[in-house]
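FYI, it's all coordinate maths here, none of it is from the lab. What you see is a predicted model; the values in this text were computed from it and never measured. Virtual Cβ from ideal backbone geometry, glycine too; neighbours counted across all protein chains shown.
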Amino acid sequence: MGFFDKIKNGLKKTKENMVKQMEHVFHSFTKIDEELFEELEEILIMSDVGVNTSMRICEQLRKTVKERGIKDPAQVRELLKEIMIDMLSGGEELNISTQPSMILVIGVNGVGKTTTIGKLAAHLKSQGKKVILGAADTFRAAAIDQLEIWAERSGVQMVRHDEGSDPAAVVFDTIAAAKSRNMDVAICDTAGRLHNKKNLMNELNKISRVIEREAEGCDKEVLLVVDATTGQNGVNQAREFKEAAGITGIILTKLDGTAKGGVVIAIKEDLGLPIKYIGVGEQIDDLQPFNPTDFVNALFEE
């Protein structure tokens, strides 16, 4: 299955929930009036785009319809696509041009963090990059073992300590190994954090200080993994983490299992955080770099 088809397939549920209702609106109205905009706004809100973002989208629609003198409701569909692509664009490329570059992956338990790291490692390796993983989720032996399985599947190296070790020490050793082995990218796992646990946030700060000191001048991404099926809860999680952890981007997993794909727009527009990757399936190559145009086209394509 091609890249675009994977995304299209992964967005089936969101399409059923959001776009089909919109298509109904576009076809059932004979003129563009306030009722049309209100119906669209309601559909967007129900699709987890979020109240503020939904209102902004419809405000922009009203304005552009007026400016361009558009009379046909069917043309509003193309305008809506245009606005969504524009809102989602910017910052989606990973900033990993130094050798090594650091990627710290964070998120609450159960979002698919370790699996995502394995898939990300495989994706970067397929681009010809030398990747090393750091198992800094030392709270659970299972997390370390799971990451090791993914490292083997992806064909990349890994640094691990015993369960209960200091996570910052694992990050320290991963950076040292990345430098000595001429790695392009070091990806560090972290324990699944509940954003209200102060000690875990302190630990994250400690890890960040180690990275700043030991990988000075290196490109650094802090990626938050969010489960798309949680909808607006995922937006709230991202908001908490953004304040505490200096997030540079989002990886949105389980998009194929939810009708709440509208959350992509809420995260980008409400929080100003770029979506870097989306997960649209279980397979190792089902983590896809986020492309706003492909995403919106896949949503609206017949």
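Computed as a quarter of the hull surface, the mean projected area of the alpha carbon convex hull for region 117-229 stands at 7.4 nm². Please list, in order, the residues from region 282-298 whose amide nitrogen is less than 20 Å from a point placed 7 Å along the Cα→Cβ vector of Glu23. 293-298, by backbone N distance to the label point. In order along region 77-82, the phi-based Karplus estimate (6.51 cos²θ - 1.76 cosθ + 1.60, θ = phi - 60°) of 3J(HN,Hα) comes to 4, 5, 4, 4, 4, 4 Hz; Gly and Pro are listed as x. Taking the DSSP bridge list for the chain and keeping only pairs wholly inside it, about 10 percent are antiparallel. Within region 63-105, find all residues whose amide N lies under 14 Å from a label point positioned 7 Å from the Cα of Glu42 along Cα-to-beta-carbon. Counting backbone N atoms under 14 Å from the label point, the list is empty.
Farthest towards the positive end of the charge dipole of the chain, among the residues Thr115, Ser208, Thr253, is the Cα of Ser208, using unit charges on the Cβ of Lys, Arg, Asp and Glu. Each Lys and Arg adds +1 at its Cβ and each Asp and Glu adds -1 at its Cβ; summed about the Cα centre, region 204-302 shows a dipole of about 480 debye.
Working note: Karplus 6.51/-1.76/1.60 with θ = phi - 60° gives region 289-301 the couplings x, 6, 10, x, 5, 4, 4, 5, 4, 5, 5, 8, 5 Hz, where Gly and Pro are set to x.
Only Cα pairs under 8 Å and 6+ residues apart enter the sum, and on that basis the relative contact order of the chain stands at 27 percent.
Between Ser28, Gly69, Ala135, the Cα set farthest toward the positive side of the dipole of region 1-148 (charges on each charged residue's Cβ, about the Cα centre) is that of Ala135.
Binning all Cα-Cα separations of region 240-302 at 10 Å, short to long from zero, yields these whole-percent fractions: 20, 53, 25, 3, 0.
Peptides 40-49, 92-101 ranked from most to least packed give 40-49, 92-101, packing being the mean of other C-beta atoms within 10 angstrom over each peptide's residues.
Under a 5 Å amide H cut-off, with hydrogens placed 1.01 Å from N, Val222 pairs with Leu104, Thr248, Gly249 among residues at least 5 apart or on other chains. Hey, with R₀ at 22 Å, roughly what FRET efficiency would Lys206 and Asn182 work out to, going by the Cβ-Cβ distance, to 0.05? Using R0 = 22 Å, I get an efficiency of 0.25. Could you calculate the FRET efficiency of Asp72 with Glu240 from 1/(1 + (r/R0)^6), where r is the beta carbon distance between them and R0 is 35 Å, rounded to 0.05? Approximately 0.20, to the nearest 0.05.
On a 27 Å Cα-Cα criterion, which of the cross-link pairs Lys63/Lys276; Lys125/Lys220; Lys12/Lys198; Lys179/Lys206; Lys6/Lys179; Lys71/Lys260 come out too long? Listed pairs above 27 Å: Lys63/Lys276; Lys12/Lys198; Lys6/Lys179; Lys71/Lys260. Basic side chains Lys and Arg get +1 at the Cβ, acidic Asp and Glu get -1 at the Cβ, and with that the dipole of region 1-79 about its Cα centre reaches some 400 debye.
Counting other Cβ atoms within 10 Å as a rough exposure proxy, the listed residues Val226, Val210, Val51 run Val51, Val210, Val226 from fewest neighbours to most. Select one label from (i) 0.99; (ii) 1.03; (iii) 0.95: the one whose number is Rg/Rh (Cα atoms, Kirkwood Rh) as derived from the coordinates shown. Identified label for the calculated read-out: (ii).
Remark: the Thr293-Arg213 segment gains 25.0 nm on full extension, using 0.36 nm per residue and subtracting the alpha carbon distance.
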